[in-house]
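The values are calculated or read from the model by the stated rules, or taken from the named source; none is laboratory data. None of these values were measured; they are calculated from a predicted model. For neighbour counting, all protein chains shown are included, and Cβ atoms are generated from backbone atoms with ideal geometry for every residue, glycine included. For accessibility, only protein heavy atoms count, side chains too; no ligands or nucleic acids. Shrake-Rupley method; radii C 1.70, N 1.55, O 1.52, S 1.80 Å.
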Amino acid sequence: MDLLFPTLRRLLPLMAVAAALALLSSALLSLCPAPALALEASASPADLPRAVAAMEQLDQLRTQLASSLEGSDEEPTMDTMREVCKPVGQRAMAIAQENGWTVRQVASKYRNPDHAPANSHESQLIDLLARYPEITGLWEPVTAGQTAGVNYYRRIEVQPSCLACHGTKDSRPGFVSERYPADKAFNFKPGDLRGMYAVFIPEVQEVLRASEGG
């Protein structure tokens, strides 16, 4: 279980927290059986643990690229963003294409409007992750409008080097205010929640149901 779901162990104590349960209702109630069912379905394609590993690797890439800004006195430019931020988005797209998943970066305080929450449920999930920093990632069944499958969400945290572009509003690089007039991604501190990776894995829910004989 440690290898397949390294983040889920942090969720179990939280399931006793009434506030979290009230926020996500049936979504969080489903987290308890999900790990067990996934383990029982280990003979099937390992989409669930692979999604966890892929998001860990994606976040490591983000952290490594952001660290390249450490110690620099030069103001970041659009070229900097292409070198530091764009590869993360490209890798997310590649992961999605390689596996047949949907992979998105989602944030309430977004810079790129494409990263805005798709619905109020995603906003609630981000709020939950912000309120409970001990949650690294969580699973939940499909939501309204989705086909059969399962969702995985993994938190994104602000690194010290991220403040070069996401610090105070007045300290943002010039290209940000020029290119993103509706920017909301500022006034962060190291360790703050930046957003989350949202992964939709189609049809896996059917595998989980089959594993319990349903």
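For region 110-126, filtering for residues that are surrounded by 14 or more Cβ atoms within 10 Å (Cβ to Cβ) and acidic (Asp, Glu) leaves 1. Checked against the criteria, PRO133 does not count as in contact with a Gly (Cβ under 9 Å, 6 or more places away or on another chain), surrounded by 14 or more Cβ atoms within 10 Å (Cβ to Cβ) and either more than 20 Å from THR77 (Cα to Cα) or aliphatic (A, V, I, L, M) (or both).
You will find that of PRO173, PRO190, PRO181, PRO141, the residue that is touching a Cys at 6+ places or on another chain (Cβ under 7 Å) and either of a type outside the set (D, E, K, R) or modelled with pLDDT of 95 or more (or both) is PRO173 and no other. If you go through region 55-75 and keep only what is under 15 Å from ARG155 (Cβ atoms), touching a residue at least 60 places away in the same chain (Cβ under 8 Å) and either touching a helix residue (DSSP H, G or I) at 6+ places or on another chain (Cβ under 8 Å) or not hydrophobic (A, V, I, L, M, F, W, C) (or both), you end up with GLU56, LEU58, ASP59, ARG62, THR63.
Which residue is most open to solvent (accessible area, probe 1.4 Å), if the candidates are limited to region 177-186 and must be over 11 Å from ALA164 (Cα atoms) and of a type outside the set (D, E, K, R)? Only one residue tops the list, namely PRO181.
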